[in-house]
Amino acid sequence: MVKKIFLLLLICLSFDAIAFQADTSAYQTQRLRVNALLAERSAKFGQYDESLNARTGIFGFQTKRDIKNSNEILRQIVLNDNNIFKELKTLMEYKDLEVTAVKNNANQTSDRIENYKQAIKTLQDQNEQLSKEALSLNADNNFLKMTIASLVLAIAVLFWFFTKKINRLTKRNEETVF
């Protein structure tokens with residue numbers, strides 16, 4: 001019985017672990033996306049820095065084309081930042097879901113522990129009550145044995161007494177007859 005309950009508990013915990021692992025892998029995937037976007041942003045920022053230093057004009061000045069190129073790289077950085085914010089929001093939602101799942105799991109575990117404690121307390125109370133009943137029945141049983149032993153002894157004494165009395169009366173009757 002205990003083995004069956006232990007096996008059932010183990011199976012339930014393994015299903016919880018599989019679900020938690022799926023959530024964690026989704027969180028890890030989302031983190032990888034954010035890290036990739038951050039790496040892309042760093043690369044684009046390096047390109048922007050290079051484009052600001054690019055001076056292809058006469059006498060080493062920047063041309064319109066250099067400025068447009070810098071502005072386009074800056075626009076791509078802003079778009080990438082927007083994507084990073086979206087992915088971070090999704091990442092935070094995953095994190096919130098994980099925190100909620102952990103809290104729910106902790107609450108369920110706490111509830112199960114409280115239920116186990118209550119069951120143990122109930123079983124201990126029942127065990128104590130049964131022990132008291134067993135002691136009471138044992139005392140009653142001892143009293144009953146003593147009573148029966150006393151009655152048997154009393155019957156034996158009465159039987160012996162009456163047997164003697166009958167024997168005396170029988171002897172007197174025989175003596176009087178002769």
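The values are calculated or read from the model by the stated rules, or taken from the named source; none is laboratory data. Worth saying up front: this structure is predicted, and the values here are computed from it rather than measured. With ideal geometry, Cβ positions are generated from the backbone for all residues, glycine too; neighbour counts draw on all protein chains shown.
For the stretch 66-103, taking the residues that are of a type in the set (Ser, Thr, Tyr) and under 51 Å from the mean Cα position of the chain (by Cα), the one that is farthest from residue 25 (Cα to Cα) is identified as 100.
Looking across 26, 36, one residue alone is at pLDDT 90 or above and either part of a helix (DSSP H, G or I) or touching a strand residue (DSSP E or B) at 6+ places or on another chain (Cβ under 6 Å) (or both). It is 36. Name the single residue, out of those in the stretch 81-94 being farther than 14 Å from residue 38 by Cβ and touching a helix residue (DSSP H, G or I) at 6+ places or on another chain (Cβ under 8 Å), that is modelled with the lowest pLDDT. Ranking the candidates gives 94 first. Among the residues of the stretch 60-80, those that are loosely packed, with under 14 Cβ neighbours inside 10 Å and either of a type in the set (S, T, N, Q) or at pLDDT 90 or above (or both) comprise 63, 71, 72, 75, 78, 79.
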